[in-house]
Amino acid sequence: MKTVQVHFLGASGTVTGSKFYLHSEDIKVLVDCGLFQGIKELRQQNWRPLPVDPSEMDYVLLTHGHLDHCGYLPLLVRQGFRGKILGTAPTLEIARIILEDSAKIQEEEAKKANEEAYSKHDPALPLYTKTDVGLTLKLFEQVDEGETIDLSDQCSVRFLYNGHIIGSCYLELNLHGKLFVFSGDVGRQQDLLLNPPKKPEWADYLFVESTYGDRLHPEEDVEGILTDLIEQTLYQKGTLIIPSFAVERLQSLMYQLWTLYQKNRIPNIPIFVDSPMGNNVLEVFRQFPEWHKLSSSEYRNMYRHINVVSSYAETWETIDDPRPKIVIAGSGMVTGGRVLTYIKQLADKESTTILLVGFQAEETRGRKLLEGATELKIYGKYIPIKAKVHHLESLSAHADQSELLAWMGSIKNVPEKVFLVHGEASAMTIYKDRIHQAYGWDCHIPKLHEMVEIML
């Protein structure tokens, strides 16, 4: 009897760090290879070697290019991985942008920590370097959406469109005739920029994300909320800061703001996009028009409507600009990136508004702001928060509970087991009950580093 061992190396009991390792006699595959974000205990996992041997792995299969799904790859390579890293063309391009940006930020922050002596470590070191990323990119290999790719005599995989971000897919991994379906991050049924996700029709073993497994996205008047916040910003001669993920969220916000201007709902308030990575992602949208809804003319007009901040010197010029303005900057959970500089300089002013968009993981600065923090620690110093904080949840790129249930509702068989991953413990517990009510399926919530053996 053949078996496969499934090691839950990340996104298990938590949202980030997605890594699922399938180990059988003839194939060893890692699905996603992400960094942990959020609480310190999880972030420290990034510094530890994996409890399995990366040099034995044949493939890494990337569902999409977000940091919590690809950000550990340079460390995997440093630990001996020499196999192939497979993903769709936009996914590999997004992963390249994100990994290069991640390495650059880590090198800069280590340098800053050493110069200003605010790190407990002497010297402070980056998690990985641009050199590590360069070695990783050599292992990238592009696959076509919908194509069946043979990984071994008894194993094949298909990457199938699932919305969420450009290039994103769920995976159907056929191993000895059993179908292992990995949802990746499932997108929305109605998205400004992307088509609805495709749905699986069969799954013997289903690994499904649960980020919003405990709730429905609110019915928000996004245009109305944005219009009101911009009117307040103009009236107070202040700054509207929108921390944003560089992939999809930033482009969606740009599209929303451009649309509001086109409809004459807002005046021509200066909009600054300060995210080098986000600017590079815009180029991916131009490069792969078949993966999104924007026409080339819409793309051009939207791009012309914004001010792209290229250098750190321009960041300071933007901060000093006395005009009322909108600033969109990474990162989305305020964990790093240039948004920290804006918040450090402007969050102590009552004329500043911070608009958080989408999910904020535990212990991130974004979550602390949501919970009413009156100060934030940034670059080793506590910054008072006098800015007004608002939250828009409906712009999330993740399916909510009803959309997730509908996504898996197309499965015609009864899966032998459903594994709930990529969610906080409370969300997964509620979602497990909801799946059982809806379909009666056998669900399991794996713990971090748990190993499950499956008979094939």
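The values are calculated or read from the model by the stated rules, or taken from the named source; none is laboratory data. These numbers were taken from a predicted model, which means no experiment stands behind them. Neighbour counts run over all protein chains shown; Cβ positions are idealised from the backbone, glycine included. SASA here: full protein model, heavy atoms, side chains in, ligands and nucleic acids out. Shrake-Rupley method; radii C 1.70, N 1.55, O 1.52, S 1.80 Å.
A few remarks follow.
- Looking only at region 209-229, and only at residues there that are part of a helix (DSSP H, G or I) and under 27 Å from I430 (Cβ atoms), the one that is farthest from the chain's Cα centre (by Cα): I225
- On the stretch given as region 394-418, residues that are of a type in the set (K, R) and crowded, with 19+ Cβ neighbours inside 10 Å total 0.
- Positions within region 426-447 being surrounded by 14 or more Cβ atoms within 10 Å (Cβ to Cβ) and either without any contact (Cβ under 8 Å) to a residue 12 or more places away in the chain or closer than 19 Å to E362 by Cβ (or both), in sequence order: A427, M428, T429, I430, Y431, I445, P446
- Inter-residue pairs, beta-carbon under 7 Å, first among the aromatic types (F, W, Y) and in region 350-368, second surrounded by 23 or more Cβ atoms within 10 Å (Cβ to Cβ), 6+ apart: F359/T211; F359/H398
- Verdict on L99 being of a type in the set (A, V, I, L, M, F, W, C) and assigned to a helix (DSSP H, G or I): yes
- Among (1) out of contact with any strand residue (DSSP E or B) (no Cβ under 8 Å at 6 or more places or on another chain); (2) not in a loop (DSSP other than H, G, I, E, B) - the single one L355 does not satisfy: (1)
- The set of residues in region 45-84 being open to solvent by 10 Å² or more (accessible area, probe 1.4 Å), polar (S, T, N, Q) and either over 13 Å from T16 (Cβ atoms) or touching a strand residue (DSSP E or B) at 6+ places or on another chain (Cβ under 6 Å) (or both) consists of S55, Q79.
- All of (1) open to solvent by 10 Å² or more (accessible area, probe 1.4 Å); (2) modelled with pLDDT of 95 or more hold for P218 with one exception: (2).
- When the test is whether a residue is under 13 Å from the mean Cα position of the chain (by Cα) and closer than 17 Å to G134 by Cα, A11 does not pass it.
- Residues (open to solvent by 10 Å² or more (accessible area, probe 1.4 Å) and acidic (D, E)) located in region 172-187: E172
- Within region 39-58, residues that are small (G, A, S) have Cβ atoms under 9 Å from residues that are open to solvent by 30 Å² or more (accessible area, probe 1.4 Å) in these pairs: S55/Q79; S55/R82, counting only partners at least 6 apart in sequence or on another chain.
- Condition met for Q232 (in contact with a Pro (Cβ under 9 Å, 6 or more places away or on another chain) and open to solvent by 50 Å² or more (accessible area, probe 1.4 Å)): no
- Top-ranked residue in region 14-41 [being over 14 Å from L448 (Cα atoms) and polar (S, T, N, Q); ranked as farthest from the chain's Cα centre (by Cα)]: S24
- Residues in region 97-140 that are among the polar types (S, T, N, Q) and open to solvent by less than 80 Å² (accessible area, probe 1.4 Å): S102, Q106, N114, S119, T129, T136.
- Given (1) assigned to a helix (DSSP H, G or I); (2) in contact with a Pro (Cβ under 6 Å, 6 or more places away or on another chain); (3) hydrophobic (A, V, I, L, M, F, W, C), number of the condition W316 does not satisfy: (2)
- Screening S297 with (1) assigned to a helix (DSSP H, G or I); (2) crowded, with 18+ Cβ neighbours inside 10 Å; (3) of a type in the set (G, A, S) gives one miss only, at (2).
- Restricting E416, E393 to residues that are closer than 21 Å to G184 by Cβ, under 20 Å from the mean Cα position of the chain (by Cα) and in contact (Cβ under 8 Å) with a residue 24 or more places away in the chain narrows the list to E393.
- In region 358-371, of all residues being in a loop (DSSP other than H, G, I, E, B) and open to solvent by 50 Å² or more (accessible area, probe 1.4 Å), the one that is farthest from F245 (Cα to Cα) corresponds to E371.
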